[in-house]
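S.K.: Take a look at this one; I'll ask things after.
The values are calculated or read from the model by the stated rules, or taken from the named source; none is laboratory data. Predicted model, so just to flag it, every value in this text is computed and none were measured. Glycine also receives a Cβ, built like all others from the backbone with ideal geometry; neighbour counts cover every protein chain displayed. When the accessible area is computed, the model is the full protein with side chains, heavy atoms only, and any ligands, DNA or RNA have been set aside. Shrake-Rupley method; radii C 1.70, N 1.55, O 1.52, S 1.80 Å.
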Amino acid sequence: MSRRSWRELDESDVRVRPNRRGSRPRSKRRPDHADAVPALVTAVDRGRWTCALDADPDRLVTAMRARELGRTPVVVGDRVSLVGDTSGAADTLARIVRVSDRDSVLRRTADDTDPYERVVVANAHQLVIVTALADPPPRLGFIDRCLVAAYAGGLEPVLCLTKSDLASPDSTLTSYAGLDLPVVVTRHDAEPAELRARLAGRVSALVGHSGVGKSTLVNHLVPSARRATGEVSSVGKGRHTSTSAVALPLEGGGWVVDTPGIRSFGLAHISADDVVSAFPGLAEAAEECPPHCGHLGAPEDPDCHLDRHVDEGDGSRSRLESLRRLLLSRAGQDPEG
């Protein structure tokens, strides 16, 4: 075919490559997923979420996160909505299309300078802080930091002291006498009946250092869990035997979330006011403090109104001291933290 002069060309000779990516306007409407079924996230593993339909531990489904959720975080304890194949059969996959608002959130950072918050568990009613009385010895700074995270996240803290057959709990109990803090004392050779009763019908997260007996407790509470238990090394540091958070069903109702053993609990995301708000009475008095008051008292905060509040007989001095110890721990000034 001979080559025509450009003067002989018309619009029919012009070839335009179609813009496939933008040739069809994308609708902003999204499906409402009216047929989605509710579920509870019980485990997370490499982009796959194990979910219990209607929070029934006998109806487990594996799901992926729907594209429309983007990078919305989905963690153990989240209440979600699923579509797709929810049969739970082998090699099937549902989709998480909604994440409900959270009632509580347990967060931590790697350290006090890390701006990145890690959500450990969502919608837990209580945080059970597991601490050994010996082997390894209790670290009050760690307990304080867990208390701060619980108060700030809307969880009710519970102190669980293990290995009472090795040491007395009296000293540790005295340290927290100024707080309205439920305490459960256990030993490795006895059934944790009191703890079991406190967990019944509720979602409870267990947190603690490696080697304190947390996995042993979980195995007592949920024998089918078969969580590995580690031996404490000669330097008092245990092996990390739980590598990811997992929600385990309790007989008779309720869930216990076993979290990985951790050595530090960063609180970079929590302010002093977050801690004070968990102390009724003191929280109202703190509203009279000057701007940017850290509520630590003299010399850091010489004009803190909380001292006057207590001196006038409107509050407990031991309760204020307990609050300030938590604030010091949050600020990284506790040598045991």
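S.K.: Could you please find all residues in the stretch 182-202 being open to solvent by 20 Å² or more (accessible area, probe 1.4 Å) and either within 17 Å of residue 146 (Cα to Cα) or part of a loop (DSSP other than H, G, I, E, B) (or both)?
M.R.: Hits for the stretch 182-202 are 182, 183, 187, 188, 189, 190, 191, 200, 201, 202.
S.K.: Would it be correct to say that residue 178 is surrounded by 16 or more Cβ atoms within 10 Å (Cβ to Cβ), within 19 Å of the chain's Cα centre (by Cα), of a type outside the set (A, V, I, L, M) and within 24 Å of residue 278 (Cα to Cα)?
M.R.: No; evaluated as a whole, the condition is false for this residue.
S.K.: Still on this structure, please answer the following. Given the options 73, 136, name the one that is surrounded by 15 or more Cβ atoms within 10 Å (Cβ to Cβ), of a type outside the set (Asp, Glu) and at pLDDT 90 or above.
M.R.: Exactly one residue qualifies, and that residue is 136.
S.K.: Let me ask another. In the stretch 54-164, which strands (runs of 3 or more DSSP E) lie fully inside it and hold 2 or more residues that are over 12 Å from the mean Cα position of the chain (by Cα)?
M.R.: Per the criteria, 60-65, 79-84, 94-99, 126-132, 156-162.
S.K.: In addition: Identify, please: which residue in the stretch 151-171 is under 24 Å from residue 220 (Cα atoms) and in contact (Cβ under 8 Å) with a residue 40 or more places away in the chain and is, among those, most open to solvent (accessible area, probe 1.4 Å)?
M.R.: So, considering only residues that are under 24 Å from residue 220 (Cα atoms) and in contact (Cβ under 8 Å) with a residue 40 or more places away in the chain, the one most open to solvent (accessible area, probe 1.4 Å) is 163.
S.K.: Could you list, ordered by first residue, the pairs with Cβ atoms under 6 Å in which the first is in the stretch 115-142 and within 24 Å of residue 104 (Cα to Cα) and among the charged types (D, E, K, R) and the second is open to solvent by 10 Å² or more (accessible area, probe 1.4 Å) and assigned to a strand (DSSP E or B), at least 6 apart or interchain?
M.R.: That search, which allows pairs on different chains as well, returns 117/107; 118/108.
S.K.: Another question, if that's okay. Residues in the stretch 177-213 that are of a type in the set (A, V, I, L, M) and without any contact (Cβ under 8 Å) to a residue 24 or more places away in the chain: how many?
M.R.: Count: 3.
S.K.: Moving on. Considering only residues that are closer than 24 Å to residue 58 by Cβ and at pLDDT below 90, which ones fall in the stretch 182-218?
M.R.: Of everything in the stretch 182-218, just one residue is closer than 24 Å to residue 58 by Cβ and at pLDDT below 90, namely 215.
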